[in-house]
1. Tell me, what is the FRET efficiency for Arg88 and Asn114 to the nearest 0.05, using R0 = 30 angstrom and their Cβ-Cβ distance as r?
2. Any idea how far the Cα center of region 102-155 sits from the one of region 1-66, in Å?
3. Cross-link partners among lysines for Lys156, C-alpha distance below 25 Å, same-chain residues fewer than 8 apart left out?
4. Determine the dipole magnitude for region 89-176: charges of +1 sit on the beta-carbon of Lys and Arg, -1 on that of Asp and Glu, nothing else is charged, the reference point is the Cα centre, and the result goes in debye to the nearest 20.
5. For the chain, what's the relative contact order in percent, using C-alpha pairs closer than 8 Å and at least 6 residues apart?
6. Considering only DSSP states other than H, G, I, E and B, which chymotrypsin sites (Phe, Trp or Tyr not before Pro) in region 103-161 qualify as loop sites with at most 16 other Cβ atoms within 10 Å?
7. Can you find, among Leu104, Val121, Tyr67, the residue farthest towards the positive end of the dipole of region 64-166? Put +1 on the C-beta of Lys and Arg, -1 on that of Asp and Glu.
8. When the distances between all Cα atoms of the chain are binned every 5 Å from zero, what whole-number percent does each bin get?
Amino acid sequence: MGRGSSLKDLYAFIEEYTGPAGGEVFKVLSKSTKELLDEDIVKKTGIDEQEVRRVLYELHNIGLVTYKKMRNPNDNRYIYYWRVDATRINHVLLKRKKAVLEKLKERLQYEESNSFFVCPVDGVRLTYDEALENDFRCPRCGSELVTDDNSETIEKLRKIISELEEEIKREEELIKHS
Ligand SMILES: [Zn+2]
């Protein structure tokens, strides 16, 4: 996973969390070299003001954006200057990667601690216990099941896991020293 996929991962996470408007608002903020007012973001995205505010507060809640609050000298009301919180983004991404790592480790454990059977006709895959329950016949088409060698899957999982562990270690070092 390089930097590109990390960013894609981040956008996917934002959209999952705040809806598609979140991705748009975040993109505008991360491209901007200066802090932006709510109304600047409205202009740049074409998303209505209420939705922009909702998204900004949600992005703020998960720590991806931050703001500076100031009083407007004309009417003494608060105005907010928004920007992306770069340090927090690294933390959020790292947390996501750690969650993915945990899932991969669980999957590896599952593959290592079971033996599998597969239907040669439609690819239905069962654990030994499930196959036993079905008298070693496919529950879908009734074909006889054959043993499924998962050593390649295990090998692949181990490789991805160790790469991801390395990547996480590197990024933790970077965050520590930034
Ligand atoms: Zn089958």
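1. Working: r = 40 Å, r/R0 = 1.32.
Here the calculated transfer efficiency is 0.15.
2. Taking the Cα centre of each part, region 102-155 and region 1-66 sit 42 Å apart.
3. Lys8, Lys95, Lys97, Lys98, Lys103, Lys105, Lys169
4. Numbers: 16 positive and 21 negative charges, 123 e Å.
Its charge dipole is roughly 600 debye.
5. Details: 180 pairs, mean separation 28.0, N = 178.
In percent, rounded to a whole number, it is 16.
6. Numbers: sites: Tyr110, Phe116, Phe117, Tyr128, Phe136; in loops: Phe136.
Filter output for region 103-161: Phe136.
7. The residue sitting most towards the positive pole is Tyr67.
8. 1, 7, 12, 13, 11, 10, 9, 8, 8, 7, 6, 4, 2, 1, 1, 0, 0
Values quoted throughout were computed directly from the atomic coordinates according to the rules given, and no laboratory measurement underlies them. Just so it is clear, the model here is predicted, and its values are computed rather than measured. Glycine also receives a Cβ, built like all others from the backbone with ideal geometry; neighbour counts cover every protein chain displayed.
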